[in-house]
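Okay, structure first, notes after.
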Amino acid sequence: MRSHGFVIGHVVPEAQVGGPIALVKDGDVISVDAIKNTLEVNVSDEEMARRRKEWKAPPLKVSQGTLYKYTKVVTDASSGCVTDA
């Protein structure tokens, strides 16, 4: 499989812990600025606050093994995705 053009990949535990990615819904408009290196969800602060209030953590999809260990210790990419305390 190949990708052509602009491709975005963002993998962090943010959605599992209730970060902004957890609050994105189908149909939301997301602006990408490759020059400024930003992603922005074009949803009002009020709507995001409502979604945050209603949000519940989804169950983990794994309960053992290496991926489970990873889900329990990894942090976000800006912290370096550190797996050691």
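None of the figures in this text is laboratory data; all of them are computed from the coordinates on show. Remember, it's a predicted structure, so these values are computed and weren't measured experimentally. When we count neighbours, we look across all protein chains shown, and the Cβ atoms used for this are built from the backbone with ideal geometry, even at glycine.
LEU60 to LYS25: extension gain in nm, 0.36 nm per residue of separation minus the Cα-Cα distance?
Between LEU60 and LYS25, full extension yields 10.7 nm more.
Does the stretch 1-56 come out rounded, prolate or oblate by the C-alpha gyration tensor, with a ≥ b ≥ c the root eigenvalues, rounded set by a/c under 1.5 and, if not, prolate when a/b is larger than b/c and oblate if not?
Working: a/c = 2.30, a/b = 1.67, b/c = 1.38.
Prolate, since a/c reaches 1.5 and a/b exceeds b/c.
I'd like to compare 59-69, 20-30: which one has the highest average count of other Cβ atoms within 10 Å, and what's the full order after that?
Per-residue Cβ counts within 10 Å, averaged per peptide and sorted highest first, yield 20-30, 59-69.
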